[in-house]
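The values are calculated or read from the model by the stated rules, or taken from the named source; none is laboratory data. Small disclaimer: the values here were computed from a predicted structure and weren't measured. Here Cβ is always computed from backbone atoms with ideal geometry, including for glycine, and neighbour counts include all displayed protein chains. With ligands, DNA and RNA removed, areas are computed over all heavy atoms of the protein, side chains included. Shrake-Rupley method; radii C 1.70, N 1.55, O 1.52, S 1.80 Å.
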Amino acid sequence: MLQFLKDHWQSIGLIILYGLTFLVAIKALLETRSTGKTLAYLLLLFFLPGIGVAVYLLIGVNRRINRIYSRKWMSNVRLSERLQEYLRQENRQTLLEHPDLVTNKSSIAKLLFRDSLSPITPDNEAILLVNGDEKFPYLLDALRSAKHHIHLEYYIFEEDTIGTEVMEVLKQKAKEGVEVRFIYDDFGSSDINRRFLRQMRAAGVEVYPFYRVRLLANRLNYRNHRKIVVVDGHTGFVGGINVADRYVNDPKYRTKHPEWPFWRDTHLCIKGQGVHTLQFLFMGDWNFCADADLPITQDFFPDIPVTGKDLVQIAASGPDSERSSIMLSYLAAINQAQRSVYITTPYFIPNEPILNALQQAALSGVDVRLLVPGVSDSRVVNKAAESFYEDLLATGVRIFRYNRGFVHAKTMVVDDNLTVVGTANMDIRSFDFNFEVNAFVYSKEANWKMTEVFLQDCLYSNELLLEDWRSRGRWKRLGEAVVRLFSPLL
């Protein structure tokens, strides 16, 4: 027997490998909902059996089925049950009282409430913050003003000049008796060292990784990409800007890295009732990663006086969601556009419904424009995005490639009354794998400001023309086609 194994070990190894590949292929067919993603996994499994099995086990297991996040999901359910009736009444009342601001977008508001219990809230002030140069002064002022609590949640938080500046404020506020809680993503913030965290904890800041990354654990693929700050339950921040020097274009923060490109990004400061939904999301995430149960009290959800005229609704989704609320809300906004849809995204890998919606809108006469990086920080993702451009250009979608630096903003401007600013890219990773959060602002003033910023960005861009794009070389087309096969996995 031993001699037989020695003589035929290669054949036996191949049989085991292909048997395992077959079993994993069945698992992928049964558990992966997206047809495109299933085909991509099958291609990997059967063309590169060993690598394919490793990739699927690393990143492909469907978390919505296996519920590794069930503890977080259950904590959200408990919070939801306590707030459900109150939120339902608030949502209905706001829609009735502000038909002029919502107009034909009311079905988006209803979708988000029914799918994720996120109400549309009145009387907010939504302040558009362009680039880190505008965000961080606002953020630091808000943190310094805290009286009861500060809640922060970031994908990337680095121990550099701006990170240290934020940390010093957090430590000072904790010493003053303010409750400070901080969640960081263990993958995105992998550069944070233990000394940095010990300093915060020693000062009284409660710090937890959202989900600790372990070697070869497929939780690596499911990242908390949210950027949420809540101060005293009445002021919140959400958007694309993490905490790191490269997000601030001020030379003060970039002296060590003059090679960094100009960083174009967008954030939002919200003052008003819309902050309560951000608070709710943070508390659900905190209860999961800290294994705690923050109470729903007046301190966390205070009564907020009228601060503005904007309606704000928060869209959030992640691997613990039954559906991708963010993808569905993007889809609804595109489908309901009557005049214009302006989208900025650093990573563009749409699923088929989003791609079809953009084409349908353009063919229907809607002014559809897409702003993407001229040079991406990921050549593979950029190549995958380029594979969609010809289909879009052929239907009248206008595509602009930003050349002033790197555009990292995730925004959408629809008609003259809807603006979306958040953390979610227009890609499958944000739809299915990441925990994301977007703010939907129903406001003509916010819409006008964001439209002006978008059109200004287009001035720093080159517009792609269909005839020129079609003339690109055959090898480029082939490269795009190959990468597109695996785009659902990027």
Exercise. Go through (1) surrounded by 24 or more Cβ atoms within 10 Å (Cβ to Cβ); (2) assigned to a loop (DSSP other than H, G, I, E, B); (3) of a type in the set (A, V, I, L, M) one by one and return the number of the condition Ala316 breaks.
Key: (2)
Quiz prompt | Search result, residues across the range 383-414 that are among the charged types (D, E, K, R) and open to solvent by 10 Å² or more (accessible area, probe 1.4 Å) | solution = Lys383, Glu386, Glu390, Asp391, Arg398, Arg401, Arg404
Quiz item: Could we say that Ala439 is crowded, with 22+ Cβ neighbours inside 10 Å, among the hydrophobic types (A, V, I, L, M, F, W, C) and outside any strand (DSSP E or B) here?
Solution: no
Self-check item: Enumeration of residues in the range 447-490 that are modelled with pLDDT under 90, in contact with a helix residue (DSSP H, G or I) (Cβ under 7 Å, 6 or more places away or on another chain) and not basic (Lys, Arg)
Solution: Trp469, Gly479, Glu480, Ala481, Val483, Leu485, Phe486, Ser487, Pro488, Leu489, Leu490
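Does Glu179 satisfy the criteria of being at pLDDT 95 or above, surrounded by fewer than 17 Cβ atoms within 10 Å (Cβ to Cβ), touching a strand residue (DSSP E or B) at 6+ places or on another chain (Cβ under 9 Å) and farther than 17 Å from Ala244 by Cβ? Before you say what the answer is, go through the steps one by one.
Details: at pLDDT 95 or above: yes; surrounded by fewer than 17 Cβ atoms within 10 Å (Cβ to Cβ): no; touching a strand residue (DSSP E or B) at 6+ places or on another chain (Cβ under 9 Å): yes; farther than 17 Å from Ala244 by Cβ: yes.
So Glu179 does not fit the description; no.
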Quiz item: From the set of residues in the range 273-291 that are part of a loop (DSSP other than H, G, I, E, B) and over 29 Å from Gln456 (Cα atoms), which is modelled with the lowest pLDDT?
Solution: Asp291
Quiz item: Name the residues in the range 323-379 that are among the polar types (S, T, N, Q), open to solvent by 10 Å² or more (accessible area, probe 1.4 Å) and part of a strand (DSSP E or B), would you?
Solution: Ser340
Quiz item: How many residues are at pLDDT below 95 and open to solvent by less than 10 Å² (accessible area, probe 1.4 Å) if we restrict to the range 210-232?
Solution: 3
Quiz item: Of the residues Tyr342, Tyr347, which is modelled with pLDDT of 95 or more and touching a strand residue (DSSP E or B) at 6+ places or on another chain (Cβ under 9 Å)?
Solution: Tyr342
Quiz item: Residues Asp303, Asp299, Asp291, Asp250: which one is surrounded by fewer than 23 Cβ atoms within 10 Å (Cβ to Cβ), at positive phi and of a type outside the set (Phe, Trp, Tyr)?
Solution: Asp291
